[in-house]
Every structure is written in C-alpha cells, then in structure tokens.
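A.B. asks: This is the structure I want to talk about, given as structure tokens.
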Amino acid sequence: MYLKKIAFALLLCNMALSQSQNTPPNLIVIMTDDQGYADVGFNGCEDIPTPNIDAIAKNGVKFTRGYVTYPVCGPSRAGFLTGRYQGRFGFSDNPSINPNDPSAGLPVEEETIAEVLKKSNYNNAVIGKWHMGTHPRFHPLERGFDYFFGFLSGGHNYFPEKLNINDLSEVKRKWQWYATKIKENRTVVEIEDYLTDELSQSAVKYIEKQVSNDQHFMLYLAYNAPHTPLQATPKYLSRFDHIKDPKRKTYAAMVSAVDDGVGQILKTLKKSGIEENTIVVFLSDNGGAKNNGSDNRPLRGRKSDLFEGGIRVPFAMQWKGTIPAGMTYEKNVSSLDIMATIVAQNKISIDKKRTLDGVNLIPFLNGENDSEPHDYLFWRKIKYNAMAVMIGDQKLVKNKRNDFKEMFNLSSDLSETYNLIEKNNTQSKSMQLEWDLWNAELIDCIFPSLAKDEWW
C-alpha cells in the first residue's frame with residue numbers, strides 16, 4: 001500500500017510537471033528609455049542603487065553584450081516589436097507625430113509580437129510609451145494588444161499638472177505632445193501620481209487581472225524614464241543627496257522610480273505563484289543620451305551613435321527554473337531575440353515572407369548550444385551614411401556623416417580606442433561585403449521624420 005501511495009504521488013508530480021512544461025510562459029518586457037549602459041548595479045553602477053533590476057540578472061542572466069537594432073527610440077522599438085531589422089520595412093527614423101498621417105508608423109503588414117502571440121491565445125498589453133505611430137490605424141489595440149495605458153508619442157511629461165492637452169489634435173507647436181493626457185485604451189484619463197509610478201501601478205493591476213482569469217499574457221512595460229524632461233518627485237530625489245550634479249541627481253531619481261516599479265512587478269509574480277512560468281526581460285531602447293545625465297562608461301559614444309555607447313544596453317533576463325540563476329553571458333545577443341525566443345516556446349509558425357532576424361536564446365543559456373547566437377549583427381543609419389557590422393569580437397563601424405571606417409576588437413578594446421582597420425584590411429573588406437549584402441535587402445524610410453514635423 002505504501003509503495004502504491006508513492007507511485008501515485010510520483011504520477012501526480014509528473015502530471016503537474018508535464019502540464020507546467022506545456023503551459024506557454026508569460027512574457028514581461030521592461031524597456032527603459034535612454035538609460036546608460038553603466039546605470040544599473042549589475043553593470044557596476046555605484047551611485048544609483050538598482051536592487052530590483054539587479055534581481056532579474058541575479059535570478060537569471062546578465063548579457064554583457066546585449067544590443068538593440070538602432071541607437072534611437074522609435075526604430076529600436078520597431079525592431080524589438082517585430083523581431084526583424086526595422087530597415088526591412090522602412091522604419092529607419094523616428095516617425096512624425098502627425099495623427100493624420102497614415103504612413104507614419106509601424107506598417108500594418110508587419111506582425112507585432114502581440115499579433116503573433118494572439119495565435120497562442122495570449123492576452124497582450126502595452127503600458128507606457130508607444131512611438132509606433134499616432135494615426136488610428138497604428139493604435140496598439142489595432143496591433144494585437146488587448147490593453148493600452150500610456151501615450152502614443154515619443155516623449156512625455158511626468159507630473160500630472162503638466163498634462164493639460166486632451167489629444168494630439170489640440171497640438172499647436174512642436175513638442176507640445178509632451179503635455180497630452182494619458183489614455184487608457186482609447187479613453188483620456190486623469191492621473192494623480194508621478195507618471196512612472198502610474199505605469200508601474202497599471203502593470204501590477206494588469207498582471208493581477210490575468211492571474212485571476214488564469215490567462216497567459218505578454219506585457220510590454222515601456223517606461224519613458226529616464227528620457228528627458230528631467231522630472232522627479234521629492235520622494236525619489238531625497239535618495240540622492242550624495243549626488244551634487246543636479247542633472248545626474250534627477251536622472252538617478254528617475255531610474256530609482258523605475259527600480260521601485262520593477263520591484264513591485266517581481267513581488268506580484270512571486271505572490272501570484274507565476275515566477276517560474278514567466279520570462280522577464282529588462283533592457284533600454286538605446287544608450288544613454290547626451291542631455292539626461294546618463295553614464296555609458298566604459299563605452300564610447302551615446303544615443304544616436306553606432307559606437308558601443310549608442311547600441312549596447314543594460315540587458316538581463318530571468319526565467320526561474322529554466323535559465324540558470326546568476327549567469328553572465330558574454331556572446332552577442334540582440335533585442336531581436338526576444339521575439340524569436342517566445343515564438344519558439346509556443347512553436348508558432350512565422351510567415352516565410354517575413355522571417356525573424358533573431359534567435360531563440362534558451363538553448364544558448366541552458367548549455368544546449370555553445371556556438372555564437374549570431375553570425376553577424378548589423379546596423380544602418382541611412383540618412384547619416386552610417387553603418388556597423390559585428391562578427392564575434394570584431395566590429396567595423398562608420399559613425400554618422402563621415403566616410404572614415406574604423407575597426408575594433410571589442411574583447412581587448414571595449415572603449416573602441418584603437419583602430420585596427422589597416423592591420424585587418426582583408427577582414428574589414430569581408431565584413432563590409434556582408435553588410436552590403438544585408439543592406440541590399442533593406443528599403444528607404446517610408447514616412448516623414450519627427451525632425452521635420454510641421455503638421456499642426
């Protein structure tokens with residue numbers, strides 16, 4: 001009888017394990033805006049504590065060479081949301097904020113991560129910054145998302161009292177969209193708290209609702225912090241009296257607010273019992289900006305550059321029970337890989353005409369595959385005649401408007417100080433050829449850029 005009881009218990013355990021393995025994992029992607037590479041604890045930050053963000057790396061993996069596909073906000077996010085290089089569909093600049101322009105946004109022919117996950121019955125939410133177009137056809141609810149709380153443009157004020165414009169249709173001058181009120185789905189709502197706190201609270205409520213409905217979900221939590229304007233509450237500023245530079249102090253306070261929000265989310269996952277069935281990814285959309293007090297050291301460059309400071313970002317992932325805890329991964333990975341990873345877990349078929357450029361990271365992280373995840377990574381800023389290509393440690397780059405190409409070995413020269421192109425002429429030509437072949441697959445920008453906005 002005793003042995004029968006043990007056997008029955010083992011059967012139940014195996015059944016539970018099987019069910020767990022067959023349950024699609026939830027996905028939470030937390031993306032900050034213009035956060036510096038060095039501005040998280042897991043990358044060595046000393047003046048801004050980020051214990052909750054660091055917990056994601058502690059519970060899983062930190063990527064020392066985690067990249068985004070573009071060094072500014074909109075195109076970088078378009079790459080993540082589609083799992084494809086944004087140049088393939090002409091999203092090669094920040095789009096106009098014109099709500100009447102049906103071209104200025106993520107093409108409807110491209111499937112977003114939310115539209116793909118709908119095939120596996122996910123409930124999907126985007127909370128925070130959209131920046132994928134303001135015309136009604138580009139609204140998150142038209143792109144596979146079931147819930148939206150945030151703003152459609154690319155930048156925003158943080159204090160409720162500074163939000164005094166009901167809709168983009170009321171904008172009369174450039175940048176005035178920073179003052180638009182927050183929308184829940186398609187409805188204007190009045191917020192009472194600091195915007196970062198509001199976004200965090202909305203994310204927690206969304207997770208709790210999906211748990212109560214026994215619904216697997218994907219949450220894209222797109223904080224606009226620490227993007228300018230530099231605005232923080234006394235609650236967060238008081239934590240950084242040790243920082244004397246006013247800009248750095250406010251920036252630190254804004255990062256700290258994000259960290260508090262990440263802590264609330266991780267606590268909710270644990271309380272709800274879904275930690276081991278939820279992938280959590282943290283990254284920034286590009287490197288730290290010149291104007292916000294961020295720190296990209298020891299990387300060269302900043303936001304907008306194709307040097308490392310523009311495209312290498314703080315990047316961590318946890319999936320408890322699947323990804324080994326406390327892991328450091330030192331090979332090249334990309335924001336493109338987030339889409340490919342969740343697609344692989346669901347065995348979703350992708351349109352062969354729009355194949356993904358990312359890879360499923362799980363085999364590389366659990367030891368099944370010890371090769372390089374990517375043969376090459378590519379970047380292009382067409383209006384600046386700028387390019388970059390990377391294979392392993394080797395990087396060929398031409399930044400912005402000059403015709404001067406540089407080549408670096410990033411394993412020995414992280415700060416891109418020593419130009420090796422003359423010593424590696426043959427390899428540089430080979431890398432240029434690979435970039436040329438990739439570039440031939442891309443198209444020009446399909447919409448008016450934000451820089452030339454005059455639609456009001």
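The values are calculated or read from the model by the stated rules, or taken from the named source; none is laboratory data. Being a predicted model, the structure only gives us computed values, none of them experimental. Here Cβ is always computed from backbone atoms with ideal geometry, including for glycine, and neighbour counts include all displayed protein chains.
A.B. asks: Against the definition (modelled with pLDDT of 95 or more, in a strand (DSSP E or B) and crowded, with 18+ Cβ neighbours inside 10 Å), how does A289 come out, yes or no?
C.D. replies: no
A.B. asks: What tally of residues in region 360-373 results from selecting those that are within 17 Å of the chain's Cα centre (by Cα) and buried (at least 20 other Cβ atoms within 10 Å of the Cβ)? Give the derivation first.
C.D. replies: Our first condition is that a residue be within 17 Å of the chain's Cα centre (by Cα); within region 360-373, this holds for 360-361.
From what is left, the residues that are buried (at least 20 other Cβ atoms within 10 Å of the Cβ) are 361.
Within region 360-373, residues that are within 17 Å of the chain's Cα centre (by Cα) and buried (at least 20 other Cβ atoms within 10 Å of the Cβ) number 1.
A.B. asks: Provide a single number: the residues in region 262-272 that are touching a residue at least 60 places away in the same chain (Cβ under 8 Å) and surrounded by fewer than 24 Cβ atoms within 10 Å (Cβ to Cβ).
C.D. replies: Count: 7.
A.B. asks: Looking at region 419-442, can you tell me whether even one residue there is closer than 22 Å to Y85 by Cβ, outside the structural domain of Y85 (by TED's automatic domain parsing) and either assigned to a strand (DSSP E or B) or in contact with a Gly (Cβ under 7 Å, 6 or more places away or on another chain) (or both)?
C.D. replies: Yes; the residues of region 419-442 include at least one that is closer than 22 Å to Y85 by Cβ, outside the structural domain of Y85 (by TED's automatic domain parsing) and either assigned to a strand (DSSP E or B) or in contact with a Gly (Cβ under 7 Å, 6 or more places away or on another chain) (or both).
A.B. asks: Ok, one more. Which residues, taken from region 202-254, are hydrophobic (A, V, I, L, M, F, W, C), over 15 Å from T50 (Cα atoms) and within 20 Å of the chain's Cα centre (by Cα)?
C.D. replies: A203, V204, I207, F217, M218, L219, L221, A222
A.B. asks: Which of the residues spanning region 377-418 are within 25 Å of R88 (Cα to Cα) and in a loop (DSSP other than H, G, I, E, B)?
C.D. replies: N385, G392, N399, K400, R401, N402, D403, K405
A.B. asks: When only residues in region 71-97 that are basic (K, R) and under 15 Å from R354 (Cα atoms) count, which is surrounded by the most Cβ atoms within 10 Å (Cβ to Cβ)?
C.D. replies: R84
A.B. asks: Please state which of the following conditions T328 fails to meet, knowing it meets all the rest: (1) buried (at least 18 other Cβ atoms within 10 Å of the Cβ); (2) touching a Ser or Thr at 6+ places or on another chain (Cβ under 7 Å); (3) among the polar types (S, T, N, Q).
C.D. replies: (1)
A.B. asks: Checking T69 against (1) in contact with a strand residue (DSSP E or B) (Cβ under 8 Å, 6 or more places away or on another chain); (2) outside any loop (DSSP other than H, G, I, E, B), which test does it fail?
C.D. replies: Of everything listed in (1) in contact with a strand residue (DSSP E or B) (Cβ under 8 Å, 6 or more places away or on another chain); (2) outside any loop (DSSP other than H, G, I, E, B), T69 misses just condition (2).
A.B. asks: Taking region 331-359, which residues are farther than 27 Å from K270 by Cα, part of a loop (DSSP other than H, G, I, E, B) and either within 19 Å of the chain's Cα centre (by Cα) or not assigned by TED's automatic domain parsing to the domain that holds D285 (or both)? Steps first, answer last, please.
C.D. replies: Within region 331-359, the first condition is being farther than 27 Å from K270 by Cα, and the residues that meet it are 331-334, 336, 348-359.
Adding the requirement that they be part of a loop (DSSP other than H, G, I, E, B) leaves 331-332, 348-351, 355-359.
Hits for region 331-359 are K331, N332, L356, D357, G358, V359.
A.B. asks: Quick one: would you say S120 is free of Cβ contacts under 8 Å to residues at least 60 places away in the same chain, more than 19 Å from A388 (Cα to Cα), among the polar types (S, T, N, Q) and touching a helix residue (DSSP H, G or I) at 6+ places or on another chain (Cβ under 6 Å)?
C.D. replies: The answer is no for S120.
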